[in-house]
Structures are given as structure tokens and as C-alpha cells.
Amino acid sequence: MTDQQTEQQTEQYGQAWGDRYSRSLLGVFGAPQLCLVSGHGCRVTDADGKEYLDLLGGIAVNALGYAHPAWVKAVSEQAATLSHVSNFFTTPTQVELAEKVLEIAQAPQGSAVFFSNSGTEANEAALKMVKAHRRGGRVLALEHAFHGRTLGALALTYKEAYRAPFGSLGADVTFIPAGDVRALADELDKGDVAGLFIEPVQGEAGVWPLAPEYLREARRLTAEHDVLLVVDEVQCGMGRTGRWFAHQASGITPDVMTLAKALGGGFPIGATVTFGADNSGILTPGQHGTTFGGNPLACAAGLAVISTIESDGLLEHARTVGERLVTAITGISHSQVLEVRGQGLLLGIQLASEIAPAVVRAGLDQGLILNAATPTTVRLAPPLILDEADADLFVDALPGLLDAARKSQDTQDKEN
């Protein structure tokens with residue numbers, strides 16, 4: 001068989017998975033960009049055998065990259081021991097992970113954890129706590145926020161395109177401008193607010209960090225009005241910003257915190273953390289639950305993620321590599337790069353025109369997995385193990401990606 005025939009065969013192999021996907025899976029995600037079959041470190045390989053450097057990390061999930069020995073060992077050993085017991089019982093891994101989450105959250109005595117399966121479920125639990133805290137009260141969320149796609153979490157999500165198809169979403173949510181203390185104070189002064197949801201870094205909006213001063217004022221004002229402050233750390237938590245949790249940079253203690261994504265390092269798990277005994281007692285037995293939450297496999301994965309971040313110094317590593325990326329990207333002097341935002345290894349590259357999706361396509365052609373958070377923002381959320389050589393590889397490729405995207409966009413504009 002010639003090389004050309006081999007290449008054609010592998011292309012047909014990869015295409016076959018895409019065709020089978022379109023005939024068998026619900027089309028809510030659109031057509032998949034790739035069919036991936038394996039991963040190691042920061043790299044994945046598709047069904048055609050092409051390797052990619054993953055700078056998205058499963059959207060901030062794969063904190064330890066792919067097939068990390070500690071993660072594989074923990075999940076494998078747990079799978080061979082005990083995989084599911086229901087919530088009539090508990091397991092050592094469930095208790096140990098809850099204790100470890102409370103430790104890194106610096107949660108006070110009386111704090112507690114509820115495990116679920118995803119970030120949106122974690123926010124659903126938090127929303128029920130808010131509604132139980134003040135029945136009939138309104139909920140505040142920030143403009144451009146993203147808190148999930150289940151009905152309650154969707155009510156907290158700002159993007160109209162996500163909300164409009166479903167009409168009324170049940171929760172009485174008022175959106176206020178992010179970072180605007182006056183707007184927050186005005187709403188709280190009306191006296192009918194039950195809770196405030198905030199993301200310390202608005203990832204889906206294009207990686208916009210909230211100022212520490214705003215977070216501190218939000219904490220002060222919500223405490224003054226007996227309103228629950230919920231910080232959504234689903235994307236920006238678990239070491240992503242170079243701290244365990246992004247809100248810790250401001251020195252505040254929330255009432256409730258939600259987690260998911262990197263907590264399991266690729267194994268589905270979410271968590272809702274209540275700070276202090278009063279907040280931990282809002283929901284009583286029977287008021288909330290889940291079948292799979294706290295699953296031993298997921299908890300073993302979570303323990304492996306936390307212990308590896310600690311033992312390998314990945315918080316400091318994320319800060320160091322993130323600062324290297326920011327410095328290098330802002331220094332390439334390309335007309336498309338206006339700004340680099342974010343902390344640690346959650347970064348948004350603000351572009352001068354709406355070519356971010358074209359940059360992502362150009363990246364795939366060159367073996368780089370990126371993400372367009374908005375039409376003008378390229379988002380980076382790579383595994384926390386990303387090394388300096390791979391960071392430099394991306395920076396070196398970026399001007400070419402921007403040029404290719406600009407050229408592609410110009411061609412498309414002419415055709416239209």
C-alpha cells in the first residue's frame with residue numbers, strides 16, 4: 001500500500017466516526033471537531049493518528065493532563081475495590097475528599113460538602129440553598145455570567161441565546177453589571193434579595209476576572225443584608241488561577257462555593273461547599289440528593305488530583321507558566337492582540353476582530369487545541385502540568401495562526 005493510500009484510509013477511518021456520531025448522538029453540541037482516541041501528558045491523538053497539544057484541557061477539566069500515573073493508579077485501585085454504594089452509605093474516599101476540600105478551602109468549623117456530578121448540579125444545590133434561605137426572594141447574578149444549562153442554573157446564566165428557547169425558567173433572577181458596586185448596593189437596598197451568584201473569573205464571557213475590591217465589597221454588602229454570597233469556582237477553582245480558589249486572592253470567605261471540572265481531573269464530579277454551621281444547616285434531610293454524587297471512583301480521582309497538585313507544586317507552576325505566557329503573548333507585537341487577561345493558566349487573548357473561531361481552526365490544522373470563548377477571545381485553559389517548552393511552542397505559533405485566521409476571514413467576507 002502506498003503512503004497516499006494509507007493516508008486516504010486513515011482519513012476515511014476518522015470520518016467514519018464523525019458520520020456515526022451524527023447518526024447516533026443528539027446534535028446539541030454540533031458536529032465534533034475531532035474524534036480523539038488517546039492522550040498522554042498534555043497531548044491527545046485523534047482517530048487518524050494525528051497528535052495535538054491540548055491548550056484547553058477538556059475546558060479546564062484535565063488538571064493533570066491525560067493518563068497521569070497518580071490519577072490512573074487511584075481510579076484503577078478504587079475500581080478494583082468498590083465502585084458504588086448509594087447514598088444510604090458512605091465510603092472512606094468520600095469522607096477523605098470532603099475533609100480535603102474543606103482544608104484547601106480554609107473553611108471554618110461547621111462547614112460541609114455536598115457531592116454531585118457536575119458544575120451545573122453544584123449550582124442547582126446552591127440555588128436551592130439560596131431559595132430556602134429566604135423564600136420568595138430574588139437572586140442576583142452578573143451580566144455575562146455562565147452557571148450551567150440545567151433549568152435553575154440556566155436561569156442564572158446571562159446569555160439570551162441559551163435562555164430564550166425555554167421561556168420562563170422559574171427562578172426570579174436579576175442581572176447586574178459585573179464589578180459595579182453601586183448597582184449591587186441598589187438591588188440589595190430593596191430588601192428582597194436572597195442570594196448573589198458570582199464567578200471570580202468569568203470564563204465563558206471571555207476570561208474577565210472580577211477585581212478583588214469588588215469581591216470584598218460584595219462580601220461586605222451581602223453580609224450586611226443577610227444575603228447568601230455564592231462563588232462559582234467551577235471553572236476558575238482547583239488551582240486554575242495559581243491558587244486553590246480564585247476568590248482567595250481577595251481574602252473573602254463566601255457562604256457557598258461550587259466546584260466541578262478539575263476537581264475530578266476528568267472523572268465527573270461536582271461539589272457544593274457550605275461555609276460555617278449556619279449555612280451547612282440550610283438544607284435538611286430529604287430536601288436534596290443525587291444517586292451518583294460522592295461515588296467512590298470520583299472521590300478517588302479527586303483525592304489524586306489534590307494530592308498531586310500539592311506534591312508537584314502545581315499551584316506555583318501554574319502561576320509561573322501563566323506569567324510566562326502573558327509576557328510572551330503581549331510581547332509578540334501583532335496587530336490582532338489587544339490584551340491578555342486572566343490568572344495562572346486561565347487566560348483570555350482579546351483580539352481586534354472576530355476571528356477567534358478561525359484561530360481555533362488554524363490551531364487544529366497545526367496540531368494545537370484552542371477555544372474561542374467569544375468571537376473576539378481565544379481562551380487557554382491547559383492542564384496545570386503544561387511545561388515552559390509547550391507554552392513557548394504555542395507562543396511561537398500564535399502569529400501564524402492569527403495571520404491564517406485573518407486571511408481566512410477576509411476570504412469568507414469576500415465570498416459573502
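The values are calculated or read from the model by the stated rules, or taken from the named source; none is laboratory data. Since the model is a prediction, treat every value here as computed from it, not as a measurement. Glycine gets a Cβ as well: all are built from the backbone with ideal geometry, and neighbour counts include every protein chain shown. Accessible surface is based on the protein model in full, side chains and every heavy atom, while ligands, DNA and RNA are left aside. Shrake-Rupley method; radii C 1.70, N 1.55, O 1.52, S 1.80 Å.
Any chance you could list the semi-axes, whole Å, largest first, of the equivalent ellipsoid that the Cα gyration tensor gives for the range 70-312, using √(5λ)?
Values: eigenvalues 173, 70, 59 Å².
Semi-axes, largest first: 29, 19, 17 Å.
For the range 217-343, compute Rh as the Kirkwood radius over C-alpha pairs and then the Stokes-Einstein diffusion coefficient at 4 °C and 1.567 mPa s; write the answer in µm²/s, rounded to an integer.
The estimated diffusion coefficient comes to 76 µm²/s.
What's the center-to-center distance, using Cα atoms, between the range 384-414 and the range 213-243 in Å?
34 Å
Rolling a 1.4 angstrom probe over the protein heavy atoms, how many square angstrom per residue are accessible across the chain?
Numbers: 18700 Å² over 416 residues.
Ligands and nucleic acids excluded, the figure is 45 Å² per residue.
Take the Cα gyration tensor of the range 33-93, multiply each eigenvalue by 5, square-root it, and list the three semi-axes largest first, rounded to whole angstrom. Could you put the intermediate results ahead of the total?
Numbers: eigenvalues 177, 29, 27 Å².
Result for the range 33-93: semi-axes of 30, 12, 12 Å.
Using a 7 Å offset from the Cα along the Cα-to-Cβ direction at both Lys414 and Arg182, what is the distance between the two label points in nm, to one decimal?
For Lys414 paired with Arg182, the spin-label model returns 4.9 nm.
Of the heavy-atom accessible surface of the chain (probe 1.4 angstrom), what whole percent is carbon and sulfur?
Numbers: 9760 of 18700 Å².
Roughly 52 percent of what the probe reaches on the chain is carbon or sulfur.
What is the range 70-312's relative contact order, in percent, from Cα pairs under 8 angstrom and six or more apart in sequence?
On the way: 471 pairs, mean separation 73.3, N = 243.
Averaging sequence separation for qualifying contacts and normalising by length gives 30 percent for the range 70-312.
Expressed in nm to one decimal, what extension gain is obtained for the pair Asp392 and Ala161 from 0.36 nm per residue of sequence separation less their Cα-Cα distance?
Working: separation 231, 0.36 × 231 = 83.16 nm, distance 3.63 nm.
Stretched fully, the Asp392-Ala161 segment lengthens by 79.5 nm.
Please give the calculated 222 nm ellipticity per residue for the chain, where each DSSP H segment of at least 4 residues contributes -39500 (n - 2.57) and the sum is spread over every residue; nearest 500 deg cm²/dmol?
Details: 14 runs with 170 residues, N = 416.
Per the formula, -12500 deg cm²/dmol.
What are the semi-axes of the equivalent ellipsoid of the chain, taken as the square roots of 5 times the eigenvalues of the Cα gyration tensor, listed largest first and rounded to whole Å? Spell out each step's value before the answer.
Numbers: eigenvalues 251, 141, 88 Å².
Semi-axes, largest first: 35, 27, 21 Å.
Could you work out the relative contact order of the chain, using alpha carbon pairs under 8 angstrom and six or more residues apart, expressed as a whole percent?
Details: 821 pairs, mean separation 85.1, N = 416.
Relative contact order of the chain: 20 percent.
Using per-residue counts of other Cβ atoms within 10 Å, averaged over each peptide, order 374-381, 157-164 from highest down. Walk me through the numbers on the way to the answer.
Details: 374-381: 23.1, 157-164: 13.8.
With the highest mean Cβ count within 10 Å placed first, the list reads 374-381, 157-164.
Rank-order 87-97, 146-156 by packing density, defined as the average count of other C-beta atoms within 10 Å over each peptide's residues, highest first.
Numbers: 87-97: 15.5, 146-156: 22.4.
Result, highest mean Cβ count within 10 Å first: 146-156, 87-97.
Roughly how many Å² of Ile269 are accessible to a 1.4 Å probe, to the nearest 10?
About 0 Å², ignoring ligands and nucleic acids.
Report the number of Lys pairs in the range 70-312 whose alpha-carbons are under 24 Å apart, with separation of 8 or more residues or on distinct chains.
Taking the Cα cut-off of 24 Å, the pair count is 9.
Could you give the length gained by full extension between Glu51 and Ser168, i.e. 0.36 nm per residue of separation minus their alpha carbon distance, to one decimal place?
Details: separation 117, 0.36 × 117 = 42.12 nm, distance 4.44 nm.
Once the chain is fully extended between Glu51 and Ser168, it gains 37.7 nm.
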